[in-house]
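Heads up: the structure comes next, in structure tokens.
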Amino acid sequence: MVSSLSMSFARELRKGSAAPEQHQTEEIRIVLVLDDVYDTFNVGGMYRVGDAVGVSHIYHGGGTPMPPDPKIARSSVGLYQYIPYSHVDSTVALVEKLKHEGYHIVSLEQAEGAVPYNHYTYPLKTALVVGNETFGVKKEVMDASDGIVELPMYGINKSVNVVVATGIVLYQIRQSLTR
């Protein structure tokens, strides 16, 4: 059962009138890079998991749709209003820019040389790159990354929804940096 308190807070979020809390410290900086994530509901979901772990910026690369698309607004429960975001045409150029700013770039993808996400050492400034729902992170983006992590798959299916995978890895990053 949903309380009236949580319902009113959700209304405040959607209107953009909720008071944001500071999630990041000066030492820990996590940014999220969406490399051609096309589904608007997935993009909205990224704002929800991004907010939950204190992501400081979400970059929309290539053809990733941008807020204030109504589907993104609804699926993000208005959180796109609280997390800074921007669009870049080239994810590879963004990766190089973020490296220059001191970020360690980690792509989330099932690829040769990928390390299980929970066996990776994440630095205090980490940029997580996630890719298209069908094609994943582009090869040239993975080549420009400092590391590649993956979620081990134990069933018949070889992948999970991009928001689910992103949430799992973002929580791992956050937990490893706050221990």
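Only the coordinates and a few stated rules stand behind these numbers; no lab work does. Quick caveat: nothing in here was measured; it's all calculated off a predicted structure. Cβ atoms come from the backbone with ideal geometry, glycine included; neighbour counts cover every protein chain shown.
When the stretch 121-148 is examined, which residues are found to be farther than 22 Å from residue 93 by Cβ and either in contact with a strand residue (DSSP E or B) (Cβ under 6 Å, 6 or more places away or on another chain) or without any contact (Cβ under 8 Å) to a residue 24 or more places away in the chain (or both)? Show your work before the answer.
So in the stretch 121-148, the residues farther than 22 Å from residue 93 by Cβ come out as 121-122, 124, 133-134.
Passing the criteria: only 134.
Please determine, by comparing only the residues of the stretch 115-145 that are closer than 13 Å to residue 177 by Cα and among the hydroxyl-bearing types (Ser, Thr, Tyr), which one is surrounded by the fewest Cβ atoms within 10 Å (Cβ to Cβ).
Only one residue fits best here, namely 121.
Part of a loop (DSSP other than H, G, I, E, B) and either more than 14 Å from the chain's Cα centre (by Cα) or under 20 Å from residue 49 (Cα atoms) (or both): does that describe residue 160? Can you show your working first?
Numbers: part of a loop (DSSP other than H, G, I, E, B): yes; either more than 14 Å from the chain's Cα centre (by Cα) or under 20 Å from residue 49 (Cα atoms) (or both): yes.
So residue 160 passes the test.
Inspect all residues belonging to the stretch 75-93 and state whether any of them is in contact with a Ser or Thr (Cβ under 6 Å, 6 or more places away or on another chain), of a type in the set (A, V, I, L, M, F, W, C) and more than 17 Å from residue 49 (Cβ to Cβ).
Taking every residue of the stretch 75-93 in turn, none turns out to be in contact with a Ser or Thr (Cβ under 6 Å, 6 or more places away or on another chain), of a type in the set (A, V, I, L, M, F, W, C) and more than 17 Å from residue 49 (Cβ to Cβ).
Please specify each residue of the stretch 148-179 satisfying the condition of being crowded, with 17+ Cβ neighbours inside 10 Å and not β-branched (Val, Ile, Thr).
Result: 150, 151, 165, 167, 170, 172, 174, 177.
Go through the stretch 49-71 residue by residue and tally those that are surrounded by fewer than 22 Cβ atoms within 10 Å (Cβ to Cβ), on the phi < 0 side of the Ramachandran plot and without any contact (Cβ under 8 Å) to a residue 40 or more places away in the chain.
Within the stretch 49-71, residues that are surrounded by fewer than 22 Cβ atoms within 10 Å (Cβ to Cβ), on the phi < 0 side of the Ramachandran plot and without any contact (Cβ under 8 Å) to a residue 40 or more places away in the chain number 11.
Can you pull out the residues in the stretch 73-82 that are out of contact with any Phe, Trp or Tyr (no Cβ under 6 Å at 6 or more places or on another chain) and buried (at least 20 other Cβ atoms within 10 Å of the Cβ)?
The one that is out of contact with any Phe, Trp or Tyr (no Cβ under 6 Å at 6 or more places or on another chain) and buried (at least 20 other Cβ atoms within 10 Å of the Cβ): 78.
Could you check the stretch 83-114 and list, in sequence order, the residues that are part of a strand (DSSP E or B), surrounded by fewer than 15 Cβ atoms within 10 Å (Cβ to Cβ) and not small (Gly, Ala, Ser)?
Result: 87, single match.
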